[in-house]
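Colleague: Starting off with a structure, shown below.
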Amino acid sequence: MNGHTNEETNDTAKQVPAVGGLDKAWTEKVISAMGPKTDPRLREVMAALTRHIHDFAREVDLTVDEWMAGVQLINAAGKMSTAKRNEGQLLCDVIGLESLVDDITYRKAAADATASAILGPFWRHDRPTREFGSTVTFNTPSDGQVAYFHGTVTSAKTGKPLPGAEVEMWQASTNGLYEQQDDEQVEHNLSGKFITNEEGKYAFYCLRPTPYPVPGDGPAGKLLEMMDRHPYRPAHIHLIVTVKGYKPITTQIFDSESKYLDNDSVFAVKDALVVKFEPRKGDPQAEFDLEYNVQLAPADEKGVSSVPDVSPAY
């Protein structure tokens, strides 16, 4: 015997009523479990995330089997991700989350600065620096069309050129694969970093981009298939532009003649980033010409960079 009567035990139980998950008080109980040492921003994010996830589960009457399928989807994305491919990021892309976060991040950017776009899952932190005007095409496919890509990096505030800016680029080959996906391509094919000269100019030879499907061999591709959606991205080239004293920009440029501009599978197209490749004359190395100028906002102006400052850790 513990010295307590059944009546006392019952009274105690009545004082602490059980709260089930269907009651929103349950959600607040979970949130209130965070301790006083929790970082304020983390508390804000996790509280909102918990409320939205719990409300989502209640709204759709989420079953245990459906919840476990979601867990397995996330687990599979984690297992597939490496320093050369971020499947978890691709999952975010196909549901439009990365593009939404990009818009939120840059909504206060300077009006005259170049528009941003998502990083995508095939960025690498270790791309080599190449000579001004050199090529990034080391395995030129038979169906590839070479373009001379050049422009000037300037201040969005003053219009003055920015020498010493780093212009990093990467693109897929005509088979729809980035170099880290394709054993037939040499490492760092169709990618590189270029430093602007004293006039703020950069230049390189690359391929005119072509549309391609996002990888279908992982959870993101499977999810697209289950939702009866196509996997294609319009023809594009990725860019990250950085220079001391200015806010970096992560962006993409899109070929105006490409398919899928209106229904990009990752929702990244912006009108300001659609460009026209012109015929290039008098240059035996290239069929097309693209001049693309980049404007960067000074670092003391509002807006936040979406450029990753550390390499992904897997």
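Each value in this text was obtained by applying a stated rule to the coordinates, not by laboratory testing. Small disclaimer: the values here were computed from a predicted structure and weren't measured. Cβ: placed from backbone, ideal geometry, glycine included. Neighbour counts: every protein chain shown.
Colleague: With 31 Å as the limit, write out which pairs from K193/K276; K84/K247; K79/K201; K160/K276 have Cα-Cα distances beyond it, or answer none.
Modeller: Violating the 31 Å Cα-Cα cut-off are K79/K201.
Colleague: Kindly write out, for the range 91-105 in residue order, the coupling ³J(HN,Hα) from the Karplus curve 6.51 cos²θ - 1.76 cosθ + 1.60 (θ = phi - 60°), rounded to whole Hz, with x marking Gly and Pro.
Modeller: 4, 4, 5, 6, 9, x, 6, 5, 5, 5, 5, 4, 5, 4, 4
Colleague: Between D289 and residues 5 or more places away or on another chain, which pairs have amide H atoms under 5 Å apart, with H built 1.01 Å from N, and which residues are they?
Modeller: Y148, E278, R280
Colleague: Now for a different question. Starting from the Cα gyration tensor of the range 16-55, take the square roots of the eigenvalues, sort them a ≥ b ≥ c, and report rounded, prolate or oblate (rounded when a/c is under 1.5, otherwise prolate if a/b is larger than b/c, else oblate).
Modeller: Oblate.
Colleague: Which whole-Hz couplings ³J(HN,Hα) result when phi for each residue of the range 64-81 is put into the Karplus expression 6.51 cos²θ - 1.76 cosθ + 1.60, θ = phi - 60°, listed in order with x for Gly and Pro?
Modeller: Result, rounded to whole Hz: 4, 5, 5, 4, 5, 4, x, 4, 5, 4, 5, 4, 5, 5, x, 5, 7, 6.
Colleague: Return the distance in nm (one decimal) between the two label points of a simple spin-label model at A33 and T140, each offset 7 Å from Cα along Cα→Cβ.
Modeller: 6.1
Colleague: Quick one: net charge of E87's neighbours, Cβ under 14 Å, K/R +1, D/E -1?
Modeller: Computed value for this residue: +1.
Colleague: Ok, one more. How tilted is helix 6-15 with respect to the longest principal axis of the chain? Cα atoms for both, answer in degrees (0 to 90, nearest 10).
Modeller: Approximately 30 degrees, to the nearest 10.
Colleague: Once phi is turned into θ = phi - 60°, what whole-Hz ³J(HN,Hα) does the Karplus curve with 6.51, -1.76 and 1.60 give for every residue of the range 284-290, x standing for Gly and Pro?
Modeller: x, 8, 9, 8, 10, 10, 9
Colleague: Still on this structure, please answer the following. What fraction of the DSSP beta bridges in the chain is antiparallel, stated in percent and rounded to the nearest 5?
Modeller: Working: 30 of 41 bridges.
Taking every DSSP beta bridge within the chain, about 75 percent pair in antiparallel fashion.
Colleague: Okay, moving on. Specify the inter-centroid distance of the range 219-245 and the range 250-295, based on alpha-carbon positions, in whole Å.
Modeller: 15
Colleague: Give me the percent relative contact order of the chain, please, defined on Cα pairs under 8 angstrom at least 6 residues apart.
Modeller: That works out to 21 percent.
Colleague: Which shape class, rounded, prolate or oblate, goes with the range 21-80 when its Cα gyration tensor gives a ≥ b ≥ c as root eigenvalues, a/c under 1.5 marks rounded, and past that a/b bigger than b/c marks prolate?
Modeller: Cα axes put the range 21-80 in the oblate bin.
Colleague: Which order do the peptides 184-192, 131-139 take when ranked by the mean count of other beta-carbon atoms within 10 Å per residue, highest first? Provide the component values of the computation, followed by the final result.
Modeller: Numbers: 184-192: 18.1, 131-139: 14.8.
Highest to lowest by the protection proxy: 184-192, 131-139.
Colleague: Given Cα positions, please report Rg to Rh for the chain, the hydrodynamic radius being the Kirkwood one.
Modeller: My calculation of the ratio gives 1.11.
Colleague: Please list, in chain and number order, the residues 5+ apart from V294 or on another chain whose amide H is under 5 Å from its amide H, with Hs placed from the backbone.
Modeller: Long-range HN contacts for V294: T152, V153, T154.
Colleague: Mean residue ellipticity at 222 nm from the helices of the chain, using -39,500 (n - 2.57) per DSSP H segment of n ≥ 4 over the full residue count, to the nearest 500 deg cm²/dmol? Write down the numbers at each step before the final one.
Modeller: Values: 7 runs with 83 residues, N = 314.
Computed mean residue ellipticity for the chain: -8000 deg cm²/dmol.
Colleague: How much net charge surrounds I118 when only the other residues with a Cβ under 13 Å from the Cβ of I118 are counted, with Lys and Arg +1 and Asp and Glu -1?
Modeller: Around I118, the surrounding residues sum to -3.
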